[in-house]
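Chemist: Here's a structure for you.
The values are calculated or read from the model by the stated rules, or taken from the named source; none is laboratory data. Predicted model, so just to flag it, every value in this text is computed and none were measured. Every residue, glycine among them, receives a Cβ derived from its backbone with ideal geometry; neighbour counts consider all protein chains shown. Note: accessible area is taken over every heavy atom of the protein model, side chains too, but ligands, DNA and RNA are not part of it. Shrake-Rupley method; radii C 1.70, N 1.55, O 1.52, S 1.80 Å.
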Amino acid sequence: MAKLVSQDHPALHQIAEEVPVEEIGSAKIQKVIKDMRKVLLSCPRGVAIAAPQIGVSLRIFLVHDVTANNTDQEERIPDMIAINPKIVKTSKKRTEMEEGCLSVPNRYGNTYRHANVTIRAYDENGELFERGAGGLLAHIFQHETDHLDGILYTDHAHKSWETDENYEKVTDEN
Ligand code: ZN
């Protein structure tokens, strides 16, 4: 049964391998995607997941539309799968945003990231696509691409703090 690996798992700290494009439709890769989705859906605050987070060192991430049932949410997040994603365009402008990570429990932090990015990736059917994003989705693209390069947001957050299980701030750090 697939599950989140702990923060010190080597897959979270190494460069993940590209998926050979002809293998995207294979049972093996489709199973990895299915496992990622299952684990993400089991995390109440999860909005995206990268394969290394379940211990699979492959360049795949998945975003889930957590806003579907929340019409108050100003920003819709699409359901999407990105295989071998590359950030092909970034804005000079950076924005600061609060981030958390399923692999770093009970912690939040602030990071600076490009305000807008465009990724090029393959979808689960092996079709190449490009997608631009701003706001939260732009941060998600950068956070997830970082996972594929063995980087956790806590490696570069300029401020982070511990939270309890209700996401209330417990301590201030940095
Ligand atoms: Zn993460």
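Chemist: Do we find a residue being surrounded by 16 or more Cβ atoms within 10 Å (Cβ to Cβ), at positive phi and away from the ligand (no atom under 14 Å from the Cβ) anywhere in segment 78-88?
Modeler: Looking through segment 78-88, at least one residue is surrounded by 16 or more Cβ atoms within 10 Å (Cβ to Cβ), at positive phi and away from the ligand (no atom under 14 Å from the Cβ).
Chemist: Follow-up question, since we're still on this one. Of (1) open to solvent by less than 30 Å² (accessible area, probe 1.4 Å); (2) touching a residue at least 24 places away in the same chain (Cβ under 8 Å); (3) more than 12 Å from the ligand (Cβ to nearest atom), residue 133 satisfies all except one. Which?
Modeler: Every listed condition holds for residue 133 apart from (2).
Chemist: Also, quick follow-up: Out of (1) hydroxyl-bearing (Ser, Thr, Tyr); (2) out of contact with any Gly (no Cβ under 9 Å at 6 or more places or on another chain); (3) farther than 29 Å from residue 28 by Cβ, the odd one out for residue 108 is which?
Modeler: (2)
Chemist: Here's a follow-up. Kindly indicate whether residue 19 is within 16 Å of the ligand (Cβ to nearest atom) and open to solvent by less than 50 Å² (accessible area, probe 1.4 Å).
Modeler: no
Chemist: So residue 24 passes all but one of these: (1) out of contact with any helix residue (DSSP H, G or I) (no Cβ under 9 Å at 6 or more places or on another chain); (2) modelled with pLDDT of 95 or more. Which condition number does it fail?
Modeler: Only one criterion is unmet by residue 24, namely (1).
Chemist: With the requirement that a residue be in contact with a strand residue (DSSP E or B) (Cβ under 8 Å, 6 or more places away or on another chain) and open to solvent by less than 30 Å² (accessible area, probe 1.4 Å), what does segment 102-125 give you?
Modeler: Of everything in segment 102-125, those that are in contact with a strand residue (DSSP E or B) (Cβ under 8 Å, 6 or more places away or on another chain) and open to solvent by less than 30 Å² (accessible area, probe 1.4 Å) turn out to be 109, 110, 111, 113, 115, 117, 118, 119, 121.
Chemist: While we're on this one: Inspect all residues belonging to segment 140-152 and state whether any of them is surrounded by 14 or more Cβ atoms within 10 Å (Cβ to Cβ), farther than 25 Å from residue 22 by Cα and modelled with pLDDT under 95.
Modeler: no
Chemist: Take residue 97 and tell me if it is buried (at least 20 other Cβ atoms within 10 Å of the Cβ), more than 16 Å from residue 149 (Cβ to Cβ) and in contact (Cβ under 8 Å) with a residue 12 or more places away in the chain.
Modeler: Judged against the criteria, residue 97 is not a match.
Chemist: Same structure, new question: Residue by residue through segment 136-151, note down the ones that are within 12 Å of the ligand (Cβ to nearest atom) and over 27 Å from residue 30 (Cβ atoms).
Modeler: 139
Chemist: Another question, if that's okay. When you go through 145, 118 one by one, which is the residue that is more than 26 Å from residue 41 (Cβ to Cβ), in contact (Cβ under 8 Å) with a residue 24 or more places away in the chain and of a type in the set (Val, Ile, Thr)?
Modeler: From the options 145, 118, the qualifying one is 118.
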